[in-house]
Amino acid sequence: MHLTREEEKIYDGELGWAYQVSMRILVKLGDLYGADNLIPIESAHISGVSYKTIGDATIDFLEALAGSDVRASVTATTNPAGIDYENAIFTSLSGDIIEKQKRIINLYAKMGIKTSLTCTPYYIKAPRCGSHLSWAESSAVVYANSIIGAWTNREGGPSALASALIGKTPNYGMHKPENRRATALVKVEAELKDESDYGALGIYLGKILKDKIPLIQGLPSNEEGCLKQMGAAMATSGMVSMFHGKRNSIRQVREMETINIEDRDLREAREGLSISPEKPDLIFFGCPHCSLNELKQIAEAIKGKKVRNDVKLWVCTSRFIRNKAKEYVDVIESSGGQVICDTCAVVTWLRDLNVKTLMTNSAKTAYYAPSLNGVKVVFSPIIECINVACQR
Amino acid sequence: MVLTLTLKGRSIVPGRVRGTALVSTKPISFLGGVDANTGTIIERDHDLYGKSIKNVILCFPHGRGSTVGSFVLYRLAKSGLAPKAIINSIADPVVVVGAIIANIPMVDKIDIEMIANGNVIEVDGGEGIVRVFRGEQACI
């Protein structure tokens, strides 16, 4: 890979260890994947913020970086943490957890990284179509490439952090137009009824697509929330970075491997996600974090109802969206739900908060929660989740 | 100990180690798929479910899922629970970055079907070479 004189100086350590290690990560990736050079990015989005997921060793790594006086050189945002410090339910967690999570957030802040603490940074400020990014958070990667039309590889947490500090990313993969074309044709013949069906489809596709880019035909709706669920799920069961929902040229379509999705495929995916016959003690929406529109949908569905005393209902979003959605937040909270910021069910300590069975409309959460959180899962669309939450 | 096979792949992280192969046909998400406190595969339905990845030469097709996986690999390495080396068919950036910061020798572009569970193998991460032996247990 060709480096400029400035970049070489950083590589050789003239700006100190932290920039050097960052440059070495980027050059290594660039060399492996055939990049010619580094290109400037508009923003970086960093995963690896929850103490639950990254643990003590990574705190040491972040401390070493932050201790060497580095600053992000482009706009950089962060994924959710494990705690909403403004919500009393998290005060029951151990003092050690509460302190260490705070320390992680402060370390990112010290490096000049915005502690936006959301997996949907695009709701705060959408990147420009065609801009180059270095984003971790697999669901945001798919969203940026497929729905916004910005260009990013599926970065690991540390490589997005390295890019935030250097302000550049190696020019390979999704940054090259020739690599953004569809490489598999998916024909959806199954009936997709709601957002959870889109999620189940995403899980199914992720498993068979590997790193292919699907062109998906036959989606009944291009509603943003549904596509977000589908993309997040694809990136969970696979390493997909992008999908196409629009038509490609006929010639290209003819040459592609075709995958037909029938009702029984979708049913199989749904059954694999819903593994508990038990009554949930937590109903959770907001994986990925809710948009303003999703808060509105939930508020409309719950209006005039009351969440039962023996079940919790969480709606997770960014603080930015919560502040914009006061009217919906009031409806949800007066029905007995909680609108929680800066975290979500997947990256917090569910068992410590006495949750044993989780019900969610998110296929991504349904996929992760049994192993990552040790809880049982019921997977259903928003409407059904709210009916269960408010059943008398 | 008899050398039965030499496979040439691509160097990702240098380092020479010998150990016992633990081979999976399924992709791995280090976040959610591996218990970071024990080094055990905890993803239900995974063909390595319940197996420890500590000190083995972990062979799997590619990473998948969460981008936090890089940090999980680092965390495993710092706790002495990481694999001795990683062999992939196609390396994804999440696993690559994890192996770089955790300093785990890694090679990809290897046909992992040529390696069987329990084979003694030697990985030369710098040269991108994997040697498969038969006839004797590895000294771990």
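In table form, for the structure just shown:
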{"quantity": "Among A:Ile166, A:Ile124, A:Ile340: highest mean-square fluctuation, GNM of chain A, C-alpha pairs under 10 Å", "calculated": "A:Ile124"}
{"quantity": "The stretch A:187-221 versus the stretch A:1-78: alpha-carbon centroid distance in Å", "calculated": "34 Å"}
{"quantity": "q = 0.11, 0.12, 0.17, 0.18 Å⁻¹: log10 I(q)/I(0) that the Debye formula gives for the stretch A:1-90, counting C-alpha atoms only", "calculated": "-0.42, -0.50, -0.90, -0.98"}
{"quantity": "Fluctuation leader among A:Thr115, A:Thr258, A:Thr348 - chain A, Gaussian network, Cα springs under 10 angstrom", "calculated": "A:Thr258"}
{"quantity": "Among the listed pairs A:Lys364/B:Lys26; A:Lys28/A:Lys212; B:Lys8/B:Lys51, those beyond 20 Å (Cα-Cα)", "calculated": "A:Lys28/A:Lys212; B:Lys8/B:Lys51"}
{"quantity": "Order of A:Trp135, A:Trp349, A:Trp314 - criterion: other Cβ atoms within 10 Å of each residue's Cβ, fewest first", "calculated": "A:Trp349, A:Trp314, A:Trp135"}
{"quantity": "Within the stretch A:169-219, GluC sites (Glu not before Pro) in DSSP loop having at most 12 other beta-carbon neighbours inside 10 Å", "calculated": "A:Glu189, A:Glu191"}
{"quantity": "Of A:Lys279/B:Lys54; A:Lys228/A:Lys324; A:Lys356/B:Lys84, pairs whose Cα-Cα distance is over 26 Å", "calculated": "A:Lys279/B:Lys54; A:Lys356/B:Lys84"}
{"quantity": "The stretch B:45-93: chymotrypsin sites (Phe, Trp or Tyr not before Pro) in DSSP coil with no more than 15 other Cβ atoms inside 10 Å", "calculated": "B:Tyr49"}
{"quantity": "Per-residue average of Cβ from other chains inside 10 Å of B:36-43", "calculated": "2"}
{"quantity": "Gaussian network model of chain A, springs between alpha carbon atoms under 10 Å - residue of A:Ala200, A:Ala64, A:Ala140 with greatest fluctuation", "calculated": "A:Ala64"}
{"quantity": "Average projection area in nm² (convex hull over Cα atoms of chain A, one quarter of hull surface)", "calculated": "18.8 nm²"}
{"quantity": "Likely footprinting exposure, A:Thr365, A:Thr120, fewest C-beta neighbours within 10 Å first", "calculated": "A:Thr120, A:Thr365"}
{"quantity": "Degrees between helix B:93-102 axis and first principal axis of chain B (Cα, 0 to 90, nearest 10)", "calculated": "80 degrees"}
{"quantity": "Between the stretch B:8-70 and the stretch B:95-113, the Cα center-to-center distance that results, in Å", "calculated": "10 Å"}
{"quantity": "Shape call, the stretch B:1-103: gyration tensor on alpha carbons, a/c limit 1.5", "calculated": "rounded"}
{"quantity": "Degrees, to the nearest 10: B:69-78 long Cα axis against longest axis of chain B", "calculated": "70 degrees"}
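Bear in mind that the values in this text are calculations on the coordinates, not laboratory data. Small disclaimer: the values here were computed from a predicted structure and weren't measured. Cβ coordinates were reconstructed from backbone atoms using ideal geometry, including for glycine residues, and neighbour counts include every protein chain displayed.
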